[in-house]
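Undergrad: Dropping the structure in here first, questions after.
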Amino acid sequence: MTTYESPLSRRAFGGAVGVSAAAAAVGLGSAPAAALAREDTAAGTPEAARGEQEFRAARGRHSRRPNILFILGDDLGWADLSSYGSPHIKTPNLDRLGRQGVRFTDAYSGSATCSPTRFSLYTGRYPGRTKGGLAEPIADKSAGLEPTHPTLASLLRDSGYATALIGKWHCGYLPDYSPTRSGWDEFFGNFGGALEYYSKLGLNGEYDLYEGDTEYKDLRYFTRIITERASEYVSRDHGRPWLLNLNFTTPHWPWIAEGDTAESAEIVRRIKAGDPRALWHQDGGSVEKYKQMVEDLDRSVGEVLKALERSGRQEDTLVVFASDNGGERFSYNWPLSGNKASLQEGGIRVPTLVRWPARLDGGQVSRVPVFSPDWTATLLELAGARPHPAYPLDGVSLAGYLLRGERLAERDLFWRVRGERALRRGDWKYYQGKSGRDQLFNLAGDVREQADKAAVEPERLARLRAAWEETNAGLLPYPG
């Protein structure tokens, strides 16, 4: 059985993983490796070094139960951050977050689209465990996260945490489904999968900005609004630990950056004229527009982190940043194949950064395979909360691996979407796409999934396929 060393133990005894080693570990080509090297060179200026030293010197080594700030980007591709190899997008705030903690190279979303991944994060279970998780993604009022199902928020709330969700919910619509019915004390954001950034009109053409379960009127750019709300939340004196799920819609379509009011007005006109696909914005966007949106996401995260720093609770706050699935049309995913909605690496491998100054050393890179349900299990353990015995988790806690130098045993990561299946065990990945053909890839040397080993490793393929089918047999079937 393969085990993975803790990045903490590597750091303690041998220093942080170097840029070239980290790049080689995930199969980066020369261009992305050079981009990573340039980012670290910039980070190594005397000014940056002094900033990092001050950050480390200021943090305490004791910690209460941590505050938890879990930030999701929306349709952000694996290599869309400069620290992951983007040659044209600059993300200094997120890069700094990674340098101050752990950057994961082999982290995955729980599914290949928005709402199933959110189900997996909120419940810690495969999306196929629940009826609402079978929608890929939720598009109407017929499905959602049942309020009776325990969630990360409800379990933390029961253990004494304040809980809030700001931004995109996408786990069901009113009147039956809502964050406030599923464990979050506060909610401010949108219920649906997408909205026009100024008018707040959603895919169904209805207004979709709410405070709690009540409409809230604000026609400013959506990313600005939720950034302000999140900054205010982390600045409060809560008097107890808190969980904030901060779910941006950036850089999800429509491709509208702040200030694009003319493009916004045209999309609104089409929505009101009855065009059901106006928000998809298939005739709009560009690589440059996408760059603007991702860099705005980076600035927004930076604002929230600055507010957290001013609050004096930075050391005791665990921050996780990830994406809900792989990138879309304009995303930079090299060297991965596939994108959002696919179980190829480009559809499910996502940038993931973790920082907890009081407990985690910075400058670490981990190539251990992890996915969304693992964070649920990890956060529950760190908060001193327990899963509900009737709803066992499908993720494993990473707390021992991250904080105590424990080895993490190899296990299977499982995915299922309509028409595709995938399972990762160690460096090996079993994949069946819409063609129905079983394929086998060794991701250690072929992260692009081009060298199919099915014919030369038939026994390994059979074992991984059997493991996938065994897990699948315990899930709900898709409706006909």
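Undergrad: What FRET efficiency comes out for residue 174 versus residue 435 if R0 is 41 angstrom and r is the Cβ-Cβ distance? Round to the nearest 0.05. Each step should come with its number before you reach the end.
TA: Details: r = 40 Å, r/R0 = 0.98.
That pair, residue 174 with residue 435, gives E of 0.55.
Undergrad: Would you kindly calculate the mean projected area, averaged across all directions, of the convex hull enclosing the Cα atoms of the chain, in square nanometres?
TA: 21.6
Undergrad: Among the aspartates and glutamates, select those whose C-alpha is under 18 Å from the C-alpha of residue 131, and discard any that sit fewer than 8 residues away in the same chain.
TA: 140, 146, 176, 394
Undergrad: Also, I was wondering about something else. Would you mind computing Rg(Cα) / (2.2 N^0.38 Å) for the range 176-317, counting N as its residues?
TA: So the range 176-317 has a normalised radius of gyration of 1.12.
Undergrad: Let a ≥ b ≥ c be the square roots of the eigenvalues of the Cα gyration tensor of the range 417-467; is it rounded (a/c under 1.5), or, if not, prolate (a/b larger than b/c) or oblate?
TA: Judged from the Cα gyration tensor, the range 417-467 comes out rounded (a/c under 1.5).
Undergrad: So, R0 is 30 Å and r is the distance between the beta-carbons of residue 473 and residue 386; what FRET efficiency does that work out to, to 0.05? Mind dumping the intermediate values first?
TA: Numbers: r = 27 Å, r/R0 = 0.91.
So, using R0 = 30 Å, E works out to roughly 0.65.
Undergrad: Which value, in debye to the nearest 20, gives the size of the charge dipole of the chain about its Cα centre, when Lys and Arg are +1 and Asp and Glu are -1 at the Cβ?
TA: On the way: 61 positive and 62 negative charges, 192 e Å.
So the dipole magnitude of the chain works out to roughly 920 debye.
Undergrad: Over the Cα atoms of the range 286-397, what Rg and Dmax result, in angstrom?
TA: 16.7, 49
Undergrad: Which one, 339, 383, 104, is farthest towards the positive end of the dipole of the chain when Lys and Arg carry +1 and Asp and Glu -1 on their Cβ?
TA: Sorting the options by dipole projection puts first 383.
Undergrad: Another one. Hey, what does the equivalent ellipsoid look like for the range 71-190, semi-axes from the Cα gyration tensor as sqrt of 5 times each eigenvalue, largest first, whole Å?
TA: They are 28, 17, 13 Å, listed largest first.
Undergrad: Using only DSSP helix segments of four residues or longer, with each worth -39500 (n - 2.57), what per-residue ellipticity at 222 nm results for the chain after dividing by its residue count and rounding to 500?
TA: Numbers: 14 runs with 155 residues, N = 480.
After summing the helix terms and dividing by the residues of the chain, the value is -10000 deg cm²/dmol.
Undergrad: State to the nearest 20 debye the size of the charge dipole of the range 363-416 about its Cα centre, where the only charges are +1 on K and R beta carbons and -1 on D and E beta carbons. Before the final figure, lay out the partial values.
TA: Numbers: 6 positive and 6 negative charges, 12 e Å.
It works out to roughly 60 debye.
Undergrad: Once amide H atoms are placed 1.01 Å from N in the peptide plane, what residues at a sequence separation of 5 or more from residue 73, or on another chain, have their amide H within under 5 Å of its amide H?
TA: 322, 323, 324
Undergrad: For the chain, give the percent of accessible area contributed by carbon and sulfur heavy atoms, probe 1.4 Å, rounded to a whole number.
TA: 50
Undergrad: Next question, about the same structure. Kindly state, to the nearest 0.05, the FRET efficiency for residue 219 paired with residue 418, given R0 = 35 Å and r defined as their beta-carbon distance.
TA: 0.45
Undergrad: Using a 1.4 angstrom probe, figure out how much accessible area the chain has per residue, in square angstrom, rounded to the nearest whole. The partial results should precede the final answer.
TA: On the way: 17970 Å² over 480 residues.
About 37 Å² of surface per residue is accessible.
Undergrad: May I pose another question? How much length would be gained if the chain were fully extended between residue 273 and residue 444, taking 0.36 nm per residue of separation minus their Cα-Cα distance, in nm to one decimal?
TA: Additional length available on full extension: 56.5 nm.
Undergrad: How big is the range 348-468 by Rg and Dmax over its Cα atoms, in Å?
TA: Considering the range 348-468 through its Cα atoms, Rg and Dmax are 16.6, 49 Å.
The values are calculated or read from the model by the stated rules, or taken from the named source; none is laboratory data. The structure presented is a predicted model; accordingly, all values stated were derived computationally and were not measured. FYI the Cβ positions are ideal-geometry reconstructions off the backbone, even for glycines, and counts take in every protein chain you see. The protein model used for the area step is the full one, side chains on, heavy atoms only, and it has no ligands, DNA or RNA in it. Shrake-Rupley method; radii C 1.70, N 1.55, O 1.52, S 1.80 Å.
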